[in-house]
Amino acid sequence: MAQNKLTQLALQTAKSNNAIKLVAFLKSAIENGHKLPARKNTTDVNKSLLAELAGFDRQALDEERGAKDTIELLKWAIKNIGLDSESAHESSLRRSDNPDLKALKKFLDKKDREIHRLESLLLRSEAKNSSLVHEIKKLERTLSRKNEADTYISSGYKIVLFDENEKLN
């Protein structure tokens, strides 16, 4: 099902910068099984939050101000991806004077699972980041040595490279 939505998304026209950003956000949302953010106590999309998450100004999602392709993408997304109305339902449950405790527990358990999943992703990302930082430093040292060798070569010196295990004669 997600693959079908991704295929449909790929067929959407995205020429403006905001539409391209929205496509990237929607692709990520589909791949991760997320829906569009809903406004509290309504069945409308939270355009401010959506624009912030996608990385552009809220005005880009206004019918009068936004680019046609961005507005069309938003309409497609609402129809095909849907809204996360569960969060609106959850907030109304939390504010209720007489909340449904079983429903609240269900929401909290779901949030706990999501927190654990995100913590796991964060740990993996931090490990990958650390590895990439190490690799960058290694490459910077290699580049520095190469630049130093190039300087010597351009000055007329001859460079002889040898393996660390080789002995000079």
For Ala38, list long-range residues whose amide hydrogen, built 1.01 Å from N in the peptide plane, is under 5 Å from its own amide hydrogen.
-> Asn46, Asp84
The FRET efficiency for Leu108 and Ser48, from their Cβ-Cβ distance with R0 = 35 Å and rounded to 0.05, is 0.85
For the stretch 125-156, which GluC sites (Glu not before Pro) are in a loop by DSSP, counting at most 13 other Cβ atoms within 10 Å?
-> none
Can you list the GluC sites (Glu not before Pro) in the stretch 28-76 that are in a DSSP coil and have 12 or fewer other beta carbons within 10 angstrom?
-> Glu63, Glu64
Provide the gained length on full extension for the span Arg117 to Leu139, in nm with one decimal, where the gain is 0.36 nm per separating residue minus the Cα-Cα distance.
-> 4.7 nm
Rounded to the nearest 20 debye, dipole of the stretch 30-76 from Cβ charges on Lys, Arg, Asp, Glu = 200
Per the rule of 0.36 nm per residue minus the C-alpha distance, extending Thr151 to Lys75 adds in nm 21.5 nm
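Quick note: the coordinates plus some simple rules give every number you see, no bench work behind them. Every value quoted in this text rests on a predicted model; they were computed, and no experiment measured them. Glycine gets a Cβ as well: all are built from the backbone with ideal geometry, and neighbour counts include every protein chain shown.
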